[in-house]
Amino acid sequence: MGMNYLAKPILAFACVSTLVSSHAMAAGIDHLRPHRAVYDLSLQKASDRSGITGMQGRIVYEMTGSKCEGFAVRFRFMTNIQTPRKNFTNDQRTTSFESGDGSTFSFVQQSYLNGQLEQDLRGEAKRDTTGTHIAITKPDQEQVELGESVFMTQHIGMLIDAAKKQQTILTARVYDASDDGNELMDTTAIIGKLKAVLPTIKGEPSDITSLFKGKAAWPVSVSYFSHANMAGGGEKLPIYSVSFLMHESGVSRELKMQYADYSLRGDLKNLEYLKVDKCEQ
């Protein structure tokens, strides 16, 4: 069992499927509301092969900005992992900025194991109709040319767009700078019917639940596949998948993260709406 147990979370049996090209713009970003959300993580199940006997953690997600100024995201994914031999902590920290038109994306991604820096990845990506052009500046300078894609905030906007149009499947090729920052991810999202009345969510404090009174949401499940491994025939298994309740504001609730050998649940424990930047048209 490797030491890096966690891939970055962010988020198909019906009649509508859309493959999004790199020049697409998502009107759904108009509805995004800057916020800071805190989720408590708990282990749902783990196979014997995983070697995991327990896991707890926390996700802190903060999104600020607007489609005019661009979107800044701070993301921290912390876990304490127990195995029969030893326990250890994994701490992933990502800071990114995406232009409002989705054409540029800068990132800093750091990973700590037991408090020691294991990875420090930095760079910038630009996308156009010819592909995704990546300039990695750390740990080593590297130029990477990949195919057409969208960045993370645009992908969220696309999911909201698709849900509002009652689409049930959305496929998109995404660049999120995960791992070594040199690969695209193919994603397939399954979008359920709008839930106008939401049930009480187990593990969510009542004061959080009250913030969403009268707010509808869609159940969404997104599977992530390595684009490099998608060539050839046969069924491809996702690297991981994430399911959640998606609100039009971009806030997610009732997270469930499925990896090859284990699964996690994320309960929204704190939510703070942040200042909305004015957007001059």
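The values are calculated or read from the model by the stated rules, or taken from the named source; none is laboratory data. Here the structure is a predicted model, which is why all the values come from computation and not from measurement. Quick reminder, even Gly has a Cβ in these numbers, built from the backbone with ideal geometry, and neighbours come from all protein chains shown. Heavy atoms of the whole protein, side chains included, go into the accessibility calculation; ligands, DNA and RNA do not. Shrake-Rupley method; radii C 1.70, N 1.55, O 1.52, S 1.80 Å.
Compute the Cα gyration tensor for the stretch 56-125, then decide on rounded, prolate or oblate, letting a ≥ b ≥ c be the square roots of its eigenvalues: rounded whenever a/c is under 1.5, prolate when a/b is larger than b/c in the other cases, and oblate in all that remain.
Working: a/c = 4.58, a/b = 2.30, b/c = 1.99.
Taking the square roots of the gyration eigenvalues as a ≥ b ≥ c, the stretch 56-125 is prolate.
Checking the table LYS138/LYS164; LYS67/LYS195; LYS67/LYS269; LYS45/LYS269; LYS195/LYS275; LYS138/LYS236 against a 30 Å threshold on Cα-Cα, which pairs fail?
Numbers: LYS138/LYS164 40 Å; LYS67/LYS195 27 Å; LYS67/LYS269 27 Å; LYS45/LYS269 21 Å; LYS195/LYS275 27 Å; LYS138/LYS236 32 Å.
With Cα atoms farther than 30 Å apart: LYS138/LYS164; LYS138/LYS236.
With a probe of 1.4 Å, find how much accessible area the chain has per residue, and write the answer as a whole number in Å².
Numbers: 14080 Å² over 281 residues.
Accessible area per residue, the chain: 50 Å².
Excluding HIS227 itself, what net charge comes from residues whose Cβ is under 13 Å from its Cβ, given Lys and Arg +1 and Asp and Glu -1?
Values: positive: ARG173, LYS236; negative: GLU148, ASP176, ASP179, GLU183, ASP186.
Counting the neighbours of HIS227, the net charge comes to -3.
Peptides 246-256, 106-116, 133-143, 205-215: what's the order by average Cβ count within 10 Å, highest mean first? All intermediate terms of the calculation are to be shown ahead of the outcome.
On the way: 246-256: 19.9, 106-116: 16.0, 133-143: 13.4, 205-215: 11.7.
My ranking of the peptides, most packed first, is 246-256, 106-116, 133-143, 205-215.
Using all alpha carbons of the chain, what is the percent of pairwise distances in each 10 Å bin, ordered from the shortest bin to the longest?
6, 28, 38, 23, 5, 0
Going by a ≥ b ≥ c, the root eigenvalues of the Cα gyration tensor, does the stretch 133-228 fall in the rounded group (a/c under 1.5), the prolate group (a/b larger than b/c) or the oblate group? Don't skip to the answer; put the middle values down first.
Details: a/c = 3.19, a/b = 2.01, b/c = 1.59.
Since a/c reaches 1.5 and a/b is larger than b/c, the shape of the stretch 133-228 is classed as prolate.
Largest first, what is the accessible-area ranking of THR188, THR79 with a 1.4 Å probe? The partial results should precede the final answer.
On the way: THR188 40, THR79 5 Å².
Ranking THR188, THR79 by accessible area, largest first, yields THR188, THR79.
Where does the charge balance sit around ILE160 when Lys and Arg score +1, Asp and Glu -1, over other residues with C-beta under 14 Å from its C-beta? Please list the in-between numbers first.
On the way: positive: ARG33, LYS67, LYS164, LYS165, LYS215; negative: ASP30, ASP161, GLU248.
Computed value for this residue: +2.
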